[in-house]
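A.B. asks: Got a structure for you, written out below as structure tokens; questions coming shortly.
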Amino acid sequence: MEFTALFLAAAIVMCAAWRGSRTLAMSLFAVLLAACVATYLHHATDTLKLSF
């Protein structure tokens with residue numbers, strides 16, 4: 001679900017960059033980048049439970 005939200009947020013940022021001001025687009029991109037990094041760090045720190 002969170003990856004779908006990130007994809008939709010990226011689409012909104014692209015629309016803002018296309019139609020809106022540069023400042024708005026850069027601000028939204030910074031927020032999206034922070035959300036992507038937070039999502040990555042959340043999943044990268046998960047412990048894998050592997051049994052062989």
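Any read-out appearing in this document is the output of simple, stated calculations on the displayed coordinates, not a laboratory observation. All of these numbers come straight from a predicted model, not from anything done at the bench.
A.B. asks: Can you tell me the orientation of helix 2-19 relative to the chain, as the angle in degrees between its alpha-carbon axis and the longest Cα principal axis, to the nearest 10?
C.D. replies: 20
A.B. asks: Viscosity 0.692 mPa s, temperature 37 °C: give me the Stokes-Einstein translational D for the chain in µm²/s, with Rh taken as the Kirkwood radius over C-alpha pairs.
C.D. replies: My calculation gives 264 µm²/s for D.
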